[in-house]
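Encoded as structure tokens, the structure appears first; notes follow it.
The values are calculated or read from the model by the stated rules, or taken from the named source; none is laboratory data. Model, not experiment: these values are computed from the prediction. FYI the Cβ positions are ideal-geometry reconstructions off the backbone, even for glycines, and counts take in every protein chain you see. Heads up: the accessible areas ignore ligands, DNA and RNA and are worked out on the full protein's heavy atoms, side chains in. Shrake-Rupley method; radii C 1.70, N 1.55, O 1.52, S 1.80 Å.
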Amino acid sequence: MARHQLFVRLGETRYRVERPWGEVPKGCGGPSDVACDAEGRVYVLLRQDPMVDAENPAVVVLAPDGRRVDAWGGAEVADGHMFSVHPDGRVFVVDRDAQEVIVFSREGKRLGGIGRRHYPGEPFNAPCDVAFGPDGSIYVADGYAASVVHRFTAEGTPMGRWGREGSGPGEFTTPHSVWVLPDGRVTVADRENNRVQVFSADGSWLDDWRGNHKPMTVHGAPGGGLYVTDQVPQLSLLGPDGTILGRCRPVLNGAHGMWRAPDGRLFLSEQNPSRLTCLIPVED
């Protein structure tokens, strides 16, 4: 049966939509997040039931062409929610219900962690996402039961935190995703408050960027801008000042996670239906 070809435009770039993309396992809880390393390998974080899925991999690694080349983490990760690949190749997995950010090598060997595992409030309480500052600092959006953002040194030493429950400046209702812009500003998808909040590196409130319904994930765009996925569902491209430069609808029910690959492709993780979507830049 022939397949339709679909295209979307985001800012000045036109993309061909390819879905499903890659050898993503069937029968799991679906891709919760996606990330790429500097060589273009695609890491897929699978949503699992921590009570029954320990023998299934938590992370599947795909070659740039979508072939499965590795899988690991099922015994170590109880409830992978989001993750990020560090510029040096390490993989930081937010193990939400286990209250820990686990640090892995690219081959899946556990190297360490941030947070006391299975001890809520020490310091995490169902964390969501992790990102890195240009100075090496680590930021964790602690979103489901804490409504704060934590800051750590590159070695994992606490440097403070900010936020509380609410809808005012610097307050959160589910800080679901975090990304640090090249100039050090910290952007946080404040999901139930329908905004992206912007902070200085030390947590001083700078701005609200509104216009997205329940933003799910934030990710850096070329030129110091920001991609935002939401539950409309939309994928938005924002400039460095928050100006909306473009929008498209590349998925059916909203992307829980996304990442821009080194070659300019955009990957989006969907849970309903369970798959990856790839946006491939094309010439007009």
Among what's in region 20-56 and is open to solvent by less than 50 Å² (accessible area, probe 1.4 Å) and of a type in the set (Lys, Arg), pick the residue that is modelled with the lowest pLDDT. ARG47
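Residues checked against (1) open to solvent by 10 Å² or more (accessible area, probe 1.4 Å); (2) closer than 22 Å to PHE124 by Cβ:
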| residue | (1), (2) |
| --- | --- |
| SER177 | no, yes |
| LEU181 | no, no |
| VAL188 | no, yes |
| ARG191 | yes, yes |
| ASN194 | yes, no |
| VAL198 | no, no |
| ALA201 | yes, yes |
| LEU206 | yes, no |
| GLY211 | yes, no |
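Identify, from the list ASP183, ASP95, ASP88, ASP135, the residue that is of a type in the set (Asp, Glu), under 26 Å from ALA261 (Cα atoms) and touching a residue at least 60 places away in the same chain (Cβ under 8 Å).
Numbers: ASP183 fails: touching a residue at least 60 places away in the same chain (Cβ under 8 Å); ASP95 fails: touching a residue at least 60 places away in the same chain (Cβ under 8 Å); ASP88 fails: touching a residue at least 60 places away in the same chain (Cβ under 8 Å).
The conditions single out ASP135.
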I'd like to check which strands (runs of 3 or more DSSP E) are fully inside region 32-109 and have at least 2 residues that are under 28 Å from LEU279 (Cα atoms) and touching a strand residue (DSSP E or B) at 6+ places or on another chain (Cβ under 9 Å). 42-46, 59-62, 68-72, 80-85, 91-95
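Do we have VAL130 as in a strand (DSSP E or B), in contact with a Ser or Thr (Cβ under 7 Å, 6 or more places away or on another chain) and touching a residue at least 40 places away in the same chain (Cβ under 8 Å) here?
Yes.
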Restricting region 110-132 to residues that are over 20 Å from GLY89 (Cα atoms) and hydrophobic (A, V, I, L, M, F, W, C), the one surrounded by the most Cβ atoms within 10 Å (Cβ to Cβ) turns out to be PHE124
Scanning region 230-283 for residues that are basic (Lys, Arg), crowded, with 19+ Cβ neighbours inside 10 Å and assigned to a strand (DSSP E or B), which turns out farthest from the chain's Cα centre (by Cα)? ARG247
So in region 1-19, with the set limited to residues that are of a type in the set (A, V, I, L, M) and out of contact with any Cys (no Cβ under 9 Å at 6 or more places or on another chain), which one is most open to solvent (accessible area, probe 1.4 Å)? MET1
